[in-house]
Amino acid sequence: MKRILIVRHAARPDILPNTVGNDVMLTDEGIKQSKLFASLISGQVLSIRTSPIGRCVQTAELIAQATHFKPDDIEQCRLLGDSGFIIKDGDLAWQHWLKKGHEAVNLHLLSGTESWDGFYDLNDSVARIFSNIKILLSNSADGVHLWVTHDTILATLAARIGDKRLTLQDWPNFLGYLEIKLSDEQIYVSYSQKPNLIGDAI
């Protein structure tokens, strides 16, 4: 089976109000969670891409080590963060967080249809990424491709290609993930708000 797992990074400390927090790294618990998550991945890991932000890189490297994927082969991808495929202008986009608050921005990412300064059209952006994912899977061998990203990126994708409407209560926790798989020429999408780190294989 051909699959892609798009995963939020593992646990980090709280980010100070009105700061981006790009320098905030994983906690000890986040390191432990990353290793547990990796142990649940079934199938060979074929590729890993990650946001260039440190906590995502940490998560990707820990998963790579645990799944015997060469850390040197991890690809850093700005579409997954810094600034991400939904952001056109980081400074303009950040003003929405400062002026409207995180809840309003998160609601926009989940279901907004209006145009906001600093953001790309969310539906168009997701459609382009989803098209690239389907091409990746159709050309892939059986196995797993892993993308490590941020909650905003994951939530925007899950809300717009998943099979149910998401609310703020469905916002991804650490290591929440979106699974997209190709089986018998059919695409299947499922979203897990948080992983069961003592559960069945992913």
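Kindly indicate whether any position in the range 3-11 is open to solvent by 30 Å² or more (accessible area, probe 1.4 Å) and not polar (S, T, N, Q).
The answer is no; no qualifying residue exists.
Can you spot a residue in the range 127-142 that is surrounded by 20 or more Cβ atoms within 10 Å (Cβ to Cβ), under 13 Å from Ile6 (Cα atoms) and touching a Pro at 6+ places or on another chain (Cβ under 8 Å)?
no
Pull up the range 169-202, narrow it to residues that are free of Cβ contacts under 8 Å to residues at least 40 places away in the same chain and among the small types (Gly, Ala, Ser), then point me to the one that is surrounded by the fewest Cβ atoms within 10 Å (Cβ to Cβ).
Taking the candidates together, the pick is Ser190.
Before we move on, is Leu98 over 18 Å from Arg128 (Cα atoms), in contact (Cβ under 8 Å) with a residue 40 or more places away in the chain and part of a helix (DSSP H, G or I)? Write out each step before concluding.
Numbers: over 18 Å from Arg128 (Cα atoms): yes; in contact (Cβ under 8 Å) with a residue 40 or more places away in the chain: yes; part of a helix (DSSP H, G or I): yes.
Judged against the criteria, Leu98 is a match.
Restricting attention to the range 88-115, report how many residues are in contact with a helix residue (DSSP H, G or I) (Cβ under 6 Å, 6 or more places away or on another chain), of a type in the set (A, V, I, L, M, F, W, C) and open to solvent by 20 Å² or more (accessible area, probe 1.4 Å).
Qualifying residue count for the region: 1.
For the range 23-35, name all the residues that are without any contact (Cβ under 8 Å) to a residue 60 or more places away in the chain and either within 14 Å of Val7 (Cα to Cα) or not basic (Lys, Arg) (or both). Full working, then the answer.
From the range 23-35, those without any contact (Cβ under 8 Å) to a residue 60 or more places away in the chain are 23-29, 31-32, 35; that's our starting set.
Result: Asp23, Val24, Met25, Leu26, Thr27, Asp28, Glu29, Ile31, Lys35.
Determine whether the range 45-68 contains at least one residue that is hydroxyl-bearing (Ser, Thr, Tyr), open to solvent by 20 Å² or more (accessible area, probe 1.4 Å) and in contact (Cβ under 8 Å) with a residue 40 or more places away in the chain.
yes
Check Ala38, Ala11 and return the single one that is in contact (Cβ under 8 Å) with a residue 40 or more places away in the chain and outside any strand (DSSP E or B).
Numbers: Ala38 fails: in contact (Cβ under 8 Å) with a residue 40 or more places away in the chain.
Selected residue: Ala11, the only one of Ala38, Ala11 that is in contact (Cβ under 8 Å) with a residue 40 or more places away in the chain and outside any strand (DSSP E or B).
Got at least one residue in the range 150-158 being touching a Cys at 6+ places or on another chain (Cβ under 9 Å) and surrounded by 13 or more Cβ atoms within 10 Å (Cβ to Cβ)?
yes
The values are calculated or read from the model by the stated rules, or taken from the named source; none is laboratory data. Just so we're clear, the structure is a prediction, and the values are computed from it rather than from any experiment. Heads up, the Cβs are rebuilt from the backbone with ideal geometry, glycines too, and the neighbour counts pull from every protein chain shown. SASA here: full protein model, heavy atoms, side chains in, ligands and nucleic acids out. Shrake-Rupley method; radii C 1.70, N 1.55, O 1.52, S 1.80 Å.
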